[in-house]
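The values are calculated or read from the model by the stated rules, or taken from the named source; none is laboratory data. Treat the numbers as computed from the prediction; the structure is a model and nothing was measured. No Cβ is skipped: glycine too gets one built from the backbone with ideal geometry, and neighbour counts run over all protein chains shown. Please note that ligands, DNA and RNA were not included when accessible areas were found on the heavy atoms of the full protein model with its side chains. Shrake-Rupley method; radii C 1.70, N 1.55, O 1.52, S 1.80 Å.
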Amino acid sequence: MFKLMGAAIIIIATTWAGFEAAKKLSMRPRQLRQLKVAMQSLEAEIMFGHTPLKEAARKLSKQMAKPLSSFFDTFANRLESGETTVKEAWDDSLKKIWQSLALKQGEFEILSQFGETLGKSDKYHQQKQIMLTMAHLEREETDALDRQGKYEKMMKSLGFLSGLLLIILLM
């Protein structure tokens, strides 16, 4: 009886772990798409709305889903405090929410580099920087979709099968 319960717990736990790993693979492309949408909205606010950066960030925080909404909210709050530069506010906000994102180090570098140029030039140069960042995010999204297609089902299966292997080894 106890062996059967133990085996069931092992299967449930390893299957759950496999599904969590697969979930992270599926969240990455979704978050990259959301980032691209945020960049497009930021571009529109800068180019056509002539909106100051902190107001644009505040609007984005209301439009985006979590955890990106938290990022833009933190960014807007840091800018409003006036105690920091745009780059520092961007980097601090990015570091604060990074653990809750499913993104990789490459995306962190892209966003960090974008933060270095944010608010330092005229709106046309800023538009070019946004377009460049969106192109990089597009490339990363393609990679994320490829990885999701290749590995998502495998992760789910691997979780279940590793549980079976563990049970066989323990019996």
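Structural remarks
- A 1.4 Å probe run over the protein chains yields, for the chain, 59 Å² of accessible area per residue, whole-number rounding.
- Fluctuation leader among Leu35, Leu137, Leu158 - the chain, Gaussian network, Cα springs under 10 angstrom: Leu158
- Between the alpha-carbon centres of the range 142-171 and the range 56-134 there is a gap of 34 Å.
- FRET efficiency, 1/(1 + (r/R0)^6) with R0 30 Å, evaluated for Met27 and Lys128 via beta carbons: 0.55
- Exceeding the 21 Å Cα-Cα cut-off - candidates Lys62/Lys96; Lys23/Lys104; Lys3/Lys153; Lys96/Lys123: Lys3/Lys153; Lys96/Lys123
- Area accessible to solvent at Val37, 1.4 Å probe radius, in Å²: 70
- Dipole size of the range 67-171 about its Cα centre, with +1 on Lys/Arg Cβ and -1 on Asp/Glu Cβ: approximately 340 debye, rounded to the nearest 20.
- 222 nm mean residue ellipticity, helices alone, for the chain (DSSP H n ≥ 4; -39,500 (n - 2.57); rounded to 500): -29500 deg cm²/dmol
- The residue list Thr74, Ala22, Ser162 was ranked by how far each Cα lies along the charge dipole of the chain toward its positive end, using unit charges on Cβ atoms, and Ser162 comes out on top.
- Dipole magnitude of the range 1-122 about its Cα centre (Cβ charges: Lys, Arg +1; Asp, Glu -1), debye to nearest 20: 680
- Using a cutoff of 8 angstrom between alpha carbon atoms and counting only pairs six or more residues apart, the relative contact order for the range 1-149 works out to 29 percent.
- Candidate values (i) -0.61, -1.38; (ii) -0.61, -1.22; (iii) -0.69, -1.15, label of the one derived for log10 I(q)/I(0) by the Debye sum over Cα atoms at q = 0.13, 0.19 Å⁻¹: (iii)
- Label-point separation, Ala65 to Met1 (7 Å along Cα→Cβ), nm: 4.5
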